[in-house]
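One structure is given here, and the rest of the page talks about it.
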Amino acid sequence: MFEQARVAANHLAHFGIGVCLIGIVCESSWSLEKIAAMRVGETITIGAHDVTLTRMENRTGPNFHARVAVFGIREGGVSQGEVVSGKRLFTARQMATTESGIRTFGFSQLYVAIGDETPDGQVSVRMTWKPLVTLIWLGTVVMALGGLLSLADRRLRVGAPKPARRRVSPVPAE
């Protein structure tokens, strides 16, 4: 039984490394990025998705003011939902941050971040399509499961106490 658990843990961890590497290679080889100035109603195509800036909104939180862009996503004419990106200005320190919008499609992700807005209503937009990027996380989880499975073999645990052996001493025959 211990041998089977050890072999299964080894296979699982190495399979996880392979899945992670596939994710890394696909993301770095096929990643797409587009930077553009958009107005409400304009559409950019990235990968198989048409991304339309549907509206700009002002939002207020407990300690910030935000300018938010809402993007509609379509693939092959079918709506795939929305992604929201924004810029926040924290009032206490007058510090601005960008909130990126992320939308996951299977094992791939679309990132959308907005920049500054011009007086004529254009906003700078950066869109990045990352194919199979979630395989990096999936591979890491599979590797961790392999590591946990390897702990089933008590002999391989670091610092695990080994049962003491009783010493047998010869007893003189009577």
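All of the numbers you see were taken from the coordinates with simple rules; none came from a lab. The shown structure was predicted, so the numbers you read here are calculated from the model rather than taken from an experiment. Glycine gets a Cβ as well: all are built from the backbone with ideal geometry, and neighbour counts include every protein chain shown.
Some points to look at:
- Output for segment 85-127, where each listed residue is over 29 Å from residue 29 (Cβ atoms) and surrounded by 15 or more Cβ atoms within 10 Å (Cβ to Cβ): 86, 87, 88, 117, 122, 123
- Here residue 22 does not qualify as of a type outside the set (S, T, N, Q) and in contact with a strand residue (DSSP E or B) (Cβ under 6 Å, 6 or more places away or on another chain).
- The set of residues in segment 18-29 that are exposed (fewer than 14 other Cβ atoms within 10 Å of the Cβ) and among the hydrophobic types (A, V, I, L, M, F, W, C) comprises 21, 25.
- Sole residue being touching a Ser or Thr at 6+ places or on another chain (Cβ under 8 Å) and free of Cβ contacts under 8 Å to residues at least 12 places away in the same chain, chosen from 42, 3, 82, 99: 42
- Scanning segment 25-42 for residues that are in contact with a strand residue (DSSP E or B) (Cβ under 8 Å, 6 or more places away or on another chain) and hydroxyl-bearing (Ser, Thr, Tyr) turns up just one, 31.
- Residue within segment 12-22 that is in contact with a Leu (Cβ under 9 Å, 6 or more places away or on another chain) and under 24 Å from residue 116 (Cβ atoms) present: no
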